[in-house]
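Please treat every number below as a calculation from the coordinates, not as lab data. Predicted model, so just to flag it, every value in this text is computed and none were measured. Neighbour counts are summed over all protein chains in view; Cβ atoms, including those assigned to glycine, are modelled from backbone coordinates with ideal geometry.
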Amino acid sequence: ANLSLATPMKLIIQIPCLNESATLPITLADLPKEVPGFSVVEWLIIDDGSQDDTAKVAREHGVHHVVQHTGNKGLAVTFMTGITACLRLGADVIVNLDADNQYNAADVPALTAPILDGRAEMVIGARPIQAIEHFSWAKKWLQRLGSWVVRIASKTDIPDAPSGFRAISRRAAQRLMVFNDYTYTLETIIQAGQKNITTMSVPVRVNADLRPSRLVKSIPSYIRRSILTIFRIFVIYRPFTFFGAIGLTLFAAGFLIGLRFLWFYVSGDGDGHIQSLILAAILLGMGFQTLLVAFVADLLAANRKLLEDIRFNQSQLLSGDVLADGADRSSADSSNGDRP
């Protein structure tokens with residue numbers, strides 16, 4: 001539905017923070033106070049257990065809402081804390097960006113426009129990766145790898161999957177659930193693809209580097225955690241493909257080795273190749289068991305999807321986004337032009 005028909009519209013810009021008292025004022029100074037298509041624009045800071053004056057600085061610079069963790073929970077948890085808070089505060093659209101002023105906040109309207117026009121439910125800002133000088137070759141390579149994995153797993157066409165600059169509609173935000181405790185960027189796009197959340201990408205600009213990335217403490221650590229994240233994504237969201245590929249590989253290897261033994265046996269030379277028979281039996285057994293695991297994992301994934309649908313329906317009922325007769329409130333608002 002074209003959200004611009006429903007008035008008034010509320011946009012909340014959320015910024016996850018960890019010890020950002022130095023860079024936060026610069027980021028907040030660039031945030032828009034008015035965005036086309038929205039009658040209300042508010043800012044939300046999620047303080048992930050900062051040891052400095054991040055929360056105080058946020059309030060001093062006009063932030064409307066500040067949510068604080070009692071300790072450091074990690075970026076993924078902080079992102080979901082913000083999403084939950086934005087939904088509770090009645091946001092129709094949520095924009096997420098980083099506190100280090102990496103992204104050009106003037107591009108916020110470019111992110112929200114496709115949602116207002118009904119062309120997308122989630123919009124990812126695509127950075128000019130190759131032109132960013134402070135990105136190392138390893139980070140650029142992992143960005144391409146991560147984006148490729150996300151495109152395969154989600155069946156979407158997002159060129160910059162690790163980008164944290166994104167706009168999310170209220171309905172899409174209610175369907176998101178992050179399992180990863182390292183980062184939310186890749187997993188949310190894969191969920192969008194699996195849940196038929198229309199996702200698109202728009203080019204965005206970046207600002208000069210103010211500080212080193214908090215996620216990239218060292219290149220080896222970043223590579224290790226990124227590969228583990230990608231590995232876990234395939235296990236969680238493509239379990240049948242993941243375990244099925246392993247099972248078929250083992251089964252095929254065992255079958256070929258078994259054919260080799262059978263050839264020697266028929267030729268009268270089987271006594272000297274009994275090891276091949278043993279190896280073939282082991283590989284065939286492992287392959288068959290792994291294929292069984294693939295089916296069980298696929299059933300568990302289907303059960304998880306059902307539970308997520310139940311959670312989504314309950315959240316809509318509790319938030320009043322679904323009318324008593326089961327109709328979508330946003331659709332009803334678009335028809336009568338009156339939002340509760």
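Take peptides 161-170, 141-150 and line them up by average Cβ neighbours within 10 Å, highest first, as a rough protection proxy.
Sorting 161-170, 141-150 by mean packing, highest first, produces 161-170, 141-150.
Quote the charge dipole size of region 1-113 about the Cα centre in Debye, to the nearest 20; the model charges only the Cβ of Lys and Arg (+1) and of Asp and Glu (-1).
Magnitude of the dipole: close to 380 debye.
Reported to two decimal places, what Rg/Rh ratio describes region 8-143 when computed on Cα atoms with Rh from the Kirkwood expression?
Value, to two decimals: 0.97.
Gap in Å between the Cα centre of region 149-169 and the Cα centre of region 232-266?
31 Å
Would you tally the net charge around ARG232, using a Cβ to Cβ cut-off of less than 12 Å, leaving ARG232 out, and scoring K and R as +1, D and E as -1?
Result for the neighbourhood of ARG232: 0.
Would you mind counting up the charge near ILE13? Only other residues with Cβ under 14 Å from its Cβ, with Lys and Arg at +1 and Asp and Glu at -1.
It works out to a net charge of -3.
Going Cα to Cα from LYS56, which lysines come in below 28 Å? Please leave out same-chain ones fewer than 8 positions away.
LYS10, LYS33, LYS73, LYS217
What ratio of Cα Rg to 2.2 N^0.38 Å holds for region 69-180?
Taking N as the residue count of region 69-180, the ratio is 1.11.
Net charge around GLY125, counting only other residues with Cβ within less than 13 Å of its Cβ (Lys, Arg = +1; Asp, Glu = -1)?
Around GLY125, the charge tally is 0.
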